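Notes for the one structure printed next.
The values are calculated or read from the model by the stated rules, or taken from the named source; none is laboratory data. Computed from a predicted structure; not experimentally measured. Glycine gets a Cβ as well: all are built from the backbone with ideal geometry, and neighbour counts include every protein chain shown. Note: accessible area is taken over every heavy atom of the protein model, side chains too, but ligands, DNA and RNA are not part of it. Shrake-Rupley method; radii C 1.70, N 1.55, O 1.52, S 1.80 Å.
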Amino acid sequence: HYPLRRQRQMCIRDRSAVAAGGVKVLANGKVEVTLKSNPALKKVGGVVRIDDVKGRSIALVRSSATAYTAVNLLCTHQGGELVQTGNQWQCQVHQATFTLAGKNIVGPATTALKQLPVKATASVVTIG
């Protein structure tokens, strides 16, 4: 019922990080994400959002067939909250924009998002 262009825009807008399931915060502060519980991570470019990990939000992105990237979802400009818009993160305060992997695209932020160490096995990704 919508013109094709409008439908395409709606699909892009609706594509956002899903809340991660199968998440466990370990005693040492690291975060374990069970891949089986997160089908969005089956494909390259898939992303899940993990909120309220010791007061912060993290994104876990499938960056290649064998690798994952985790980034802190606080804008490097003034610490504003980031939300996913299509294939980017955007700050809700001043609209700084970052790639899903955290590279700075548009200011006022001038530095990339903080990346967190990641270790992956066939079934679990550990962040931290």
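Considering the stretch 77-128, the qualifying strands (runs of 3 or more DSSP E), each wholly inside and each with 3 or more residues that are more than 18 Å from residue 64 (Cβ to Cβ), run over 82-85, 88-91, 104-106. If I ask for residues that are β-branched (Val, Ile, Thr) and loosely packed, with under 15 Cβ neighbours inside 10 Å, which ones from the stretch 94-108 would you list? Passing the criteria: 105, 106.
Annotation: of all residues in the stretch 22-56 being charged (D, E, K, R) and in a loop (DSSP other than H, G, I, E, B), the one that is least open to solvent (accessible area, probe 1.4 Å) is 30. The number of residues in the stretch 50-91 that are of a type in the set (D, E, K, R), under 11 Å from the mean Cα position of the chain (by Cα) and at pLDDT below 90 comes to 1. Just one of the listed residues (70, 59) is open to solvent by less than 20 Å² (accessible area, probe 1.4 Å), in a strand (DSSP E or B) and touching a Pro at 6+ places or on another chain (Cβ under 9 Å), namely 70. Please tell me if residue 111 is open to solvent by 10 Å² or more (accessible area, probe 1.4 Å) and at pLDDT 90 or above. Against the criterion (open to solvent by 10 Å² or more (accessible area, probe 1.4 Å) and at pLDDT 90 or above), residue 111 qualifies.
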